[in-house]
Structures are given as C-alpha cells and as structure tokens.
Ligand SMILES: [Zn+2]
C-alpha cells in the first residue's frame, strides 16, 4: 500500500464515524489489515520487528554463511554471465533458491557486514566506515545463535573484519583472521569434517573470502582462464593501475577495460573453486541435508560502470549494491526456486532465525524471507533503502522492484588528486533510473517521471523520520586505513 493510500484510508474515518457497531467492527478490521500491510513496507516501521510468522519447527540443524568480498552478482553464471565463472555456485542455485534482486544498503565491508548481522541500517548501528567499531549493544546473529546453544565460528580473510578491530566477534566462540583464501578453505574443510558430523551440537559457521576484492590478481590457473593472450596493453588488476585510469593520467582503451574484467572474472572463478571445496567437505560430513548454506557478498563492484571507477566505496549504484544471494539445502528447498521479490542484507538475520525455528529479533528491520525460499511467497518488502556516507554526510537511495532513485541533495562528490591528475566521482543531485540488471543506470528518467520520484522521496522521508541515528566509536587501531588514506587510496578502502 502506498503512503497516499494510507492517508486516504485514514481520512475516511471521520466521514464514516456514524456507522452501526457491526459495520464499524468490519471497517476497523479492514483498516487494521490495511495498516498492517502498510507495516510490511521497509520504512514506516519505527519499532522494527521482523513480522515473522509464529515460531515454527526448525528447517535446519546448522547454518553456514559464505560471504565473498566484492562479488558482483552479474559476473556469476547463475546471474547471467555467459562465461563459466561459477560452476559450483550455479549448481547450488539450480538445486536451491536464488534471489534475483538482492542488495545491501552500503557498499563498504564493515558497515555492510554489521547490517547483515544486526538487521539494522548503517546510520542506526553507527558503523558508517571501516573505522567504526560495532557497538556492544547491537545484538548480532551469532549472539542469537549462541543463546540458542549453537557453537559459533568465524573464519575471515578481511583484516577490516577482524574481531579486535571491528568488534564483529560478538557471539562467536571462535573468530579467526586467516590471511589467505587457500588457508581459509583448508581450515573450513577440517572444521566441517570434524565438527559438522557431531550429533551433539548445532553449528553456525561464517566464512569470508577475499578472492574478488582488489587487486584483481587471481591465482593460477584462473589468472589466464578468461584473458586474451594477444593483449599487449598495460592494464592489470593493481589498485595503482586502476587509480591512474580513474584520474585520467593513464586512461584505458576498451581493450584495457576488457582486460580488467577478464581478470575479475578469473577472481570469481577462484572464489567458486574455494566454495566447491567447502561444499565437498560439507557433503563428506554427512550434514548437507541438515545445513542451510547461504552464499552472498558484502557488496558488488563497479567495473567502470560510472565515472571510470573500479571498486565499490564511492558508488550509490546497483553495480556496487546488488549482491548474489543463493540458498541451498538439498531436500528442503524446492529445486530451481527463483525469487524475484526484493531482498536485502537486513533480511538475513530474521530469515536465519525463522529458518532455524528461533524466536525473532525485536530490533530487526528486515523481513523473514523463509516463505519466499520455500514457497515463492512475497515477503512484503517493497523498498530497499540505501545510505552512503560521504564527507560526513549522506547520499541516499531508494530501490523498488522497477526503479532506483538516487538523492544527493548537497551534491557531494568524491574528488582526489593523485600523481598530478584529479579523479572525480560526481553523483547527480537527484536521479531516477529504470532498473535493468543487464546494464548500468545510465539513463536518468527524472524529467519524465517526476511524480514517481516524488513518491519515492516521500517513502524515503518517512523511513528517514523513523530512523534513530546510532553512534559508534572509532577503531583506534585502524592505522592501516589511515595509511591508505594518506596514500590517496581512500576510494579503494575495503
Ligand atoms: Zn568488502
């Protein structure tokens, strides 16, 4: 129900107050139903709540979450890449459920993962950058699961997610920072083989891979799997090279851009190979049918879709905000389930708790998508809100099923000088794009769709008014991020 419809319904009340009691009761019930369905929208729910159905029987014993940093959905085969970048993930998606329209509110690692685990927006939990620490009073997924007697374990490859720096380790029995994806995979294999076969406890395992994060430097044989051996240009996947292209000091030709995409696709294939090994170990443990496996990413990645930029931090667009979202549990999830409805990272917590038969979280903003996965039912989510911190202010966005609205009232833009050249990432003050997953948002329809833009703005204002701004302390050990900033790599921060 739209904002306008709700107002109309409420206005009817004064006109109809003389109705007979029985009619009044029917009217009241209809109104309650209508208002309740309005609560299903993303924004007008200041009290939070998961809108989950009553507690039900557990659908799984264990849960594994695999996040691949900066994995852009449309570079996976199951999301339309014609190259064979992701045979293992494609098989899982074909046998399980795939969310076509999944996204995150912010394309930066620590804010995004905090939203995954808390089901709250970055401005609410206060983790706006990779320097903010997750507040102690946020209740994260692992804490819910620990309370429910799960054993909780994390293996992450991103230093920015390290528990000491991020405080994301709340609720984890074990939290390991593992520097290489190879090592991380080996640890995960050992863990799955030894622990998931145990009958006496439930497990939550979180793996975070870095394969697809800058620099795009895939290991053999993936370094040459998709590249053109005749290419003789200077492009590679190093941050310095991409920065020089962005600032214009060493601009790319089309063949240079293609080289970067080829290398990125190699990174996707490497990530897929690690995941294939994890799946193999899960199968060997005998627990595959009792385990909900979710594969997603903390954000997407721009591959020069806007302003010649490669990376994610500067982007308020779908290229950086759309993520893959694949659910697998053989025997539980109907084969080939494709969910077209919107899903966001804030839905992970309510969905995981719903799936595992646990009580819903009081503070969660997200939706329990269990029925979407099992029966293709709509979750009620009508909007996905975006908020991008920039220069101590925000660029905002609203995505619905068909449109993406970008709002930058202060015309903030990133600009930086490097090697005598300046790179800028301008963002329009306001723009409206028709969602077309096969290409970038490159055609601003604002002039033709003013009314729709005003409607999306009203949704945003209502949502914004209901948000309490959170406060997170700064991670004092973030010398690494500071060094990067000094070097001018702020735009490439995790
Ligand atoms: Zn990231």
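The values are calculated or read from the model by the stated rules, or taken from the named source; none is laboratory data. Bear in mind that the values here come from a model prediction, so they are computed numbers and not experimental data. Backbone-built Cβ (ideal geometry, glycine too); neighbour counts: all protein chains shown.
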Q. Does any residue of region 90-112 turn out to be in contact (Cβ under 8 Å) with a residue 12 or more places away in the chain, farther than 25 Å from residue 369 by Cα, away from the ligand (no atom under 14 Å from the Cβ) and in contact with a helix residue (DSSP H, G or I) (Cβ under 9 Å, 6 or more places away or on another chain)?
A. no
Q.
Just checking, does region 346-355 include any residue being within 16 Å of the ligand (Cβ to nearest atom), modelled with pLDDT of 95 or more and buried (at least 23 other Cβ atoms within 10 Å of the Cβ)?
A. yes
Q) Given (1) in contact with a strand residue (DSSP E or B) (Cβ under 6 Å, 6 or more places away or on another chain); (2) part of a loop (DSSP other than H, G, I, E, B), where does residue 460 come up short, assuming only one miss? A) (2)
Q: Examine region 126-133 for a residue that is assigned to a strand (DSSP E or B), within 16 Å of the ligand (Cβ to nearest atom) and closer than 23 Å to residue 300 by Cβ, and state whether such a residue exists.
A: yes
Q.
Here's a check for you: in region 138-167, which residue that is assigned to a loop (DSSP other than H, G, I, E, B) and at pLDDT below 95 is nearest to the ligand (Cβ to nearest atom)?
A. 158
Q) Do you know which residues across region 287-333 are away from the ligand (no atom under 15 Å from the Cβ), without any contact (Cβ under 8 Å) to a residue 60 or more places away in the chain and either assigned to a strand (DSSP E or B) or more than 15 Å from residue 426 (Cα to Cα) (or both)? A) 288, 289, 331
Q. Is it true that residue 328 is touching a strand residue (DSSP E or B) at 6+ places or on another chain (Cβ under 6 Å) and buried (at least 18 other Cβ atoms within 10 Å of the Cβ)?
A. yes
